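Structure first, commentary second.
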Amino acid sequence: MTEPGSAQPDPRQPDPAQSDPRQLGPAQSDSWRPGPAQQGPGQSGTAQPGPGQPGAWPSGPGGLPVRPGATPYGEAGAARRLSPRVLLIDPIRMLPTLLLPLAGVLVAGGFSPASFGWAALGVGGSVVYAVVRWATFTYRVSGDRLELTRALISRSVRTIPLERVRGIDITTPPLHRLLRLAVLKLDTGAGGGEQEGELDALTVEEAESLRAVLLARRSVTPRPRPEGSAAAEGTAVDAPAQDGVARDGIALDGASKDGTPRDGAISARGAAAGRTSGHHDERIIGRVPRSWLRYGPLSGAYLLTPFALIAGAVGLVFQVGGELRVDARKARAVFTWVEGHPALLVAGVVLLILAMPVVGGIMYAVFNWDFTLRTRDGYLVAERGLVTRRAVSLERRRIRGYELVDGLIERRFKVVRLWAVVTGLGDSETRGQLLPVTPRTYAVDVASDAIGPFATPLRPHPSQARRRRLFRAVTPWLVVAAAMFLLGWEVAASAALVLALLGIPLGLDRYRSLGHAYDGTRLSVRNGSLRRGQAVVERRAIVGWTLRQTVFQRMSGVLTVVAGVGAGTGGYPAVDTGEAQGVEFAAEVTPDWIGPFLASPNR
């Protein structure tokens with residue numbers, strides 16, 4: 001913490017001793033007193049804010065406040081075990097892996113009493129194994145790290161520095177929800193889509209309080225920086241409101257740029273009415289109404305759900321075919337019977353096609369039920385799910401932008417999906433989602449509120465880019481049609497001609513999707529048609545540029561400019577810009593980098 005008089009802080013940077021009571025010095029922390037929410041009748045004294053009010057301390061198990069420098073588990077960070085209720089879940093979770101071996105034992109033993117005894121012994125062994133795993137696993141918060149210890153035959157200690165934590169997710173699968181348990185996962189940005197730490201299972205209250213403690217104990221110390229410079233990595237900045245849209249928890253929820261409520265958005269005041277939050281800066285940025293779940297079938301992934309279910313069922317039959325005594329002869333007999341009843345086959349295909357939007361909509365609703373995006377203690381928290389409820393936390397100081405994605409069908413109905421561009425995020429395709437399929441105007445307002453506005457129109461690309469898209473969409477099918485005519489396959493040739501004609505509107509749509517822009521703070525690039533993505537990235541996230549030009553691009557006088565970003569996919573291209581246009585775009589965003597490489601007009 002900066003001593004008084006040693007340095008003048010940036011006026012935009014809140015003093016940590018004032019904005020976050022959890023970082024008070026030792027002398028101040030010793031004088032902590034309960035706020036009004038913790039005081040009993042007739043008590044008085046220096047009041048501190050209660051839960052849900054600015055300056056509230058994180059709460060421990062039972063709702064008791066936690067003093068700065070302490071944990072809800074004691075000053076020394078005593079080791080704790082998971083909830084013993086998990087012993088009711090582990091045997092059920094083991095059933096799928098035990099089913100085939102137990103069935104094999106029973107079948108091999110002819111369902112004799114001895115075979116049932118061996119099966120019971122196997123079940124009992126799995127229960128004992130679950131108890132031993134629970135009894136030998138502990139966790140504790142010690143200083144600025146989380147320690148996960150397992151001690152059975154050998155002792156294994158996994159230490160996770162809290163400064164490496166990129167996000168903390170809490171999920172509640174169906175069995176856990178019945179027993180009021182939750183799974184807490186820590187993502188440290190190690191990659192591979194795997195969390196480095198997982199606690200399965202804590203009570204719901206303990207998971208929430210542990211998340212608050214882990215976030216409160218992270219060492220995020222503001223660093224002095226020159227006036228006018230970009231925010232340094234690891235420094236949280238509460239920027240003032242711009243154009244009616246505030247940053248980092250200042251704007252009113254559910255408000256668009258003109259201050260009017262957004263359609264479908266839930267106001268922070270309305271959301272907080274009648275309930276108390278344990279987080280001092282929590283507010284709801286957006287909540288997806290249930291009526292918008294009808295947009296789910298517009299996403300191609302959910303439309304293919306019936307085919308995925310059938311493929312899974314067929315795979316399961318092949319896996320357990322031996323136990324069910326299904327051999328190749330019986331499989332051939334089934335296929336022969338299906339071939340002899342083509343009407344039933346056609347009816348099945350028609351039913352499958354009709355089931356695509358219905359089943360896809362159901363699966364979409366199951367995964368995205370009551371999707372809520374809120375800001376909490378410096379994090380964006382996205383909660384969703386009907387059967388399994390999941391809460392994903394993204395650290396706001398690591399968010400570098402966002403991406404709007406839509407497909408052909410989604411574009412027809414003016415709906416998009418919203419993802420965050422985050423540094424050091426594992427499994428970004430799943431964890432980075434900020435909104436499911438929602439109206440485009442609503443998604444843009446939410447992105448502006450949560451991350452930052454971008455209203456600059458995209459610049460069109462030259463006509464050479466349009467010719468290249470039409471050529472690539474039409475020419476291959478014309479070549480196929482000519483080859484089919486030469487071979488005498490008139491039906492296939494006609495089909496290729498139809499696809500060539502359909503390539504014309506597809507090529508024009510791909511050209512209209514191209515664009516790039518820069519507003520002085522953020523840059524944006526857009527490309528694609530079947531899957532169109534528009535990325536909006538902060539200038540400070542740019543780590544380099546790649547100017548790429550193939551032989552065919554050189555012949556057309558265009559090139560591709562890739563903005564290298566240390567977040568998201570790692571690079572976002574402006575495809576087929578003009579040669580001068582692409583270089584000018586890079587020079588506009590980072591003039592100090594590109595300027596020295598540009599030739600002087602006097603030379």
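The values are calculated or read from the model by the stated rules, or taken from the named source; none is laboratory data. This is a predicted model, so every value here is computed, not measured. So basically every Cβ, Gly included, is an ideal-geometry build from the backbone, and we count neighbours across all protein chains shown. Accessible surface areas use protein heavy atoms only, side chains included; no ligands, DNA or RNA. Shrake-Rupley method; radii C 1.70, N 1.55, O 1.52, S 1.80 Å.
General observations
- Region 506-515, residues that are touching a helix residue (DSSP H, G or I) at 6+ places or on another chain (Cβ under 6 Å) and either open to solvent by 30 Å² or more (accessible area, probe 1.4 Å) or assigned to a strand (DSSP E or B) (or both): Leu506, Arg510, Tyr511
- In this structure, Gln534 does not qualify as surrounded by 15 or more Cβ atoms within 10 Å (Cβ to Cβ), outside the structural domain of Val421 (by TED's automatic domain parsing) and assigned to a helix (DSSP H, G or I).
- Condition check for Leu344: at pLDDT 75 or above, out of contact with any Asp or Glu (no Cβ under 8 Å at 6 or more places or on another chain) and within 28 Å of Gly385 (Cβ to Cβ): no
- First in region 345-374 and in contact (Cβ under 8 Å) with a residue 60 or more places away in the chain, second anywhere and of a type in the set (Ser, Thr, Tyr) and assigned to a helix (DSSP H, G or I), Cβ under 8 Å, 6 or more apart: Gly360/Tyr302; Gly360/Thr305; Gly361/Tyr302; Met363/Tyr302; Met363/Thr305; Tyr364/Tyr302
This table checks each residue for (1) in contact with a Gly (Cβ under 8 Å, 6 or more places away or on another chain); (2) at pLDDT 75 or above.
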| residue | (1), (2) |
| --- | --- |
| Trp57 | no, no |
| Gly62 | no, no |
| Pro65 | yes, no |
| Ala70 | no, no |
| Arg85 | no, yes |
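- Residues in region 450-480 that are open to solvent by 50 Å² or more (accessible area, probe 1.4 Å) and in contact with a Leu (Cβ under 6 Å, 6 or more places away or on another chain): Trp477 alone.
- Residues that are part of a helix (DSSP H, G or I) and either open to solvent by 10 Å² or more (accessible area, probe 1.4 Å) or not assigned by TED's automatic domain parsing to the domain that holds Leu506 (or both) within region 554-582 comprise Arg554, Met555, Ser556, Glu579, Ala580, Gln581, listed in sequence order.
- The number of residues in region 540-553 being in contact (Cβ under 8 Å) with a residue 60 or more places away in the chain and open to solvent by 20 Å² or more (accessible area, probe 1.4 Å) comes to 2.
- Of all residues assigned to region 339-356, none qualifies as being closer than 28 Å to Ala420 by Cα and open to solvent by 40 Å² or more (accessible area, probe 1.4 Å).
- Positions within region 562-589 being of a type in the set (S, T, N, Q) and under 29 Å from Leu425 (Cβ atoms), in sequence order: Thr569, Thr577
- Exactly one residue out of Ala483, Ala447 is under 18 Å from Val565 (Cβ atoms), open to solvent by less than 60 Å² (accessible area, probe 1.4 Å) and part of a helix (DSSP H, G or I), and it is Ala447.
- Residue within region 449-466 that is in contact (Cβ under 8 Å) with a residue 60 or more places away in the chain and among the aromatic types (Phe, Trp, Tyr) present: yes
- Residue within region 139-154 that is of a type in the set (S, T, N, Q) and at pLDDT 80 or above present: yes
- Close Cβ contacts (under 7 Å, 6 or more residues apart or on different chains) running from residues in region 275-292 that are closer than 26 Å to Arg417 by Cα and aromatic (Phe, Trp, Tyr) to residues that are surrounded by fewer than 20 Cβ atoms within 10 Å (Cβ to Cβ) and modelled with pLDDT under 70 comprise Trp292/Gly264.
To keep it simple, each residue is scored yes or no on (1) open to solvent by less than 30 Å² (accessible area, probe 1.4 Å); (2) within 19 Å of Val183 (Cβ to Cβ); (3) assigned by TED's automatic domain parsing to the domain that holds Arg531; (4) modelled with pLDDT of 85 or more.
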| position | (1), (2), (3), (4) |
| --- | --- |
| Arg374 | yes, no, no, yes |
| Leu380 | yes, no, no, yes |
| Glu383 | no, yes, no, yes |
| Leu386 | no, yes, no, yes |
| Arg389 | no, yes, no, yes |
| Val392 | yes, yes, no, yes |
| Ile399 | yes, no, no, yes |
| Glu403 | no, no, no, yes |
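- So Arg412, is it free of Cβ contacts under 8 Å to residues at least 12 places away in the same chain and either on the phi > 0 side of the Ramachandran plot or surrounded by fewer than 23 Cβ atoms within 10 Å (Cβ to Cβ) (or both): yes
- Selection count, region 162-184, where residues are at pLDDT 85 or above and either assigned to a helix (DSSP H, G or I) or closer than 25 Å to Arg398 by Cα (or both): 10
- Condition check for Gly570: free of Cβ contacts under 8 Å to residues at least 24 places away in the same chain, on the phi > 0 side of the Ramachandran plot and out of contact with any Pro (no Cβ under 8 Å at 6 or more places or on another chain): yes
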